[in-house]
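Shown next, in structure tokens, is the structure this report addresses.
The values are calculated or read from the model by the stated rules, or taken from the named source; none is laboratory data. Keep in mind that this is a model prediction, so the values were computed, not measured. Glycine also receives a Cβ, built like all others from the backbone with ideal geometry; neighbour counts cover every protein chain displayed.
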Amino acid sequence: MLGHSHALSGLAVGAGTLPVAPVTGAVAQLGWVAAVGGMAMLPDLDQRGSTISRMWGPLTEVPSGLVGTLTGGHRHGTHDAVLAPLAFGGLALAAAQATWSSLLLLALAIGLALRALHVVVPGRFEETVVGNLVLSWGGAWLLLAHSPSPTWLPWAVGLGVLVHVAGDFLTCGGVPVPLVWLARPRATVAFSPMQTGGFTEKVLLVPAFVLATLVLLWVNLPAAAVLAELTAAG
């Protein structure tokens, strides 16, 4: 799937899981949705030139090259439906223990969501390295300043990664057979002949993800509750 499709599907899943998400308060719920949506881009860190690789310039390009080398290249280790959520979720669990690393993780999620969704965001400010850094870190600080400690981040990261893997599983490129690819690198599985960026994705799935996100947010996260919580905290 394309970057914005992964992010939109992640936002939809994040909004849909709010009733059972381990978060308290409207602002934290908003953070959950943003984190799942952004982290639905995370597995593509294995590919130089991907949205996540280019987002913050060298700050993301260098780790992207290392991850790709360590995990066997694009759509290998970071796309394992078992190992990837556990590995990324474990790293997030460690990061969630400190404020600065929690801020970094949430900023990464917000930055990814903004960068991937440039097709529906007016202007191009969020596409620039500086613009994305300002918006993502500012948004992360705002969310953390008005919500409890984000102990839920590992769950959001793991869920976002799983959403990404599921999205690529729908395409003809498929994903590696969980664990089996370690012994047989070419062992992949795909659900359908749908092509990445093809008609089905662009015309059917993307609008469906947008509609689902808006409806689920309306049902599970009333705007009035967010505004009231931010006003009270301020």
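Does the range 61-72 contain any residue that is surrounded by fewer than 19 Cβ atoms within 10 Å (Cβ to Cβ), more than 11 Å from the chain's Cα centre (by Cα), modelled with pLDDT of 85 or more and among the acidic types (Asp, Glu)?
Scanning the range 61-72, I find at least one residue that is surrounded by fewer than 19 Cβ atoms within 10 Å (Cβ to Cβ), more than 11 Å from the chain's Cα centre (by Cα), modelled with pLDDT of 85 or more and among the acidic types (Asp, Glu), so the answer is yes.
Looking at the range 66-75 only, could you name the residues that are outside any helix (DSSP H, G or I) and more than 17 Å from Met41 (Cβ to Cβ)?
Answer for the range 66-75, where residues must be outside any helix (DSSP H, G or I) and more than 17 Å from Met41 (Cβ to Cβ): Gly72, Gly73.
So which residues in the range 188-211 are of a type outside the set (Val, Ile, Thr) and either touching a strand residue (DSSP E or B) at 6+ places or on another chain (Cβ under 9 Å) or assigned to a loop (DSSP other than H, G, I, E, B) (or both)?
Ala190, Phe191, Ser192, Pro193, Met194, Gln195, Gly197, Gly198, Glu201, Leu205
Step by step: first the residues of the range 8-33, then only those that are modelled with pLDDT of 90 or more and small (Gly, Ala, Ser), then the one that is surrounded by the fewest Cβ atoms within 10 Å (Cβ to Cβ). Which residue is that? Quick ask: steps written out before the conclusion?
Step one: of the range 8-33, the residues modelled with pLDDT of 90 or more are 8-22, 32-33.
Applying the additional criterion that residues be small (Gly, Ala, Ser) yields 9-10, 12, 14-16, 21.
Numbers: Ser9: 26, Gly10: 34, Ala12: 25, Gly14: 33, Ala15: 25, Gly16: 19, Ala21: 21.
Looking at residues that are modelled with pLDDT of 90 or more and small (Gly, Ala, Ser), I get Gly16.
Considering (1) modelled with pLDDT under 90; (2) surrounded by fewer than 22 Cβ atoms within 10 Å (Cβ to Cβ); (3) under 24 Å from Ala145 (Cβ atoms), say which one Ser53 fails and leave the rest.
(3)
Here is a list of conditions, (1) touching a His at 6+ places or on another chain (Cβ under 8 Å); (2) within 19 Å of Phe169 (Cα to Cα); (3) modelled with pLDDT under 90; (4) of a type outside the set (S, T, N, Q), and Met41 meets all of them except one; can you say which number that is?
Failing condition for Met41: (3).
(1) in contact with a Gly (Cβ under 9 Å, 6 or more places away or on another chain); (2) at pLDDT 90 or above: which one isn't true of Met1, the others all being true?
Tallying (1) in contact with a Gly (Cβ under 9 Å, 6 or more places away or on another chain); (2) at pLDDT 90 or above, Met1 fails exactly one: (2).
Considering (1) touching a residue at least 40 places away in the same chain (Cβ under 8 Å); (2) more than 9 Å from the chain's Cα centre (by Cα), say which one Gln47 fails and leave the rest.
(1)
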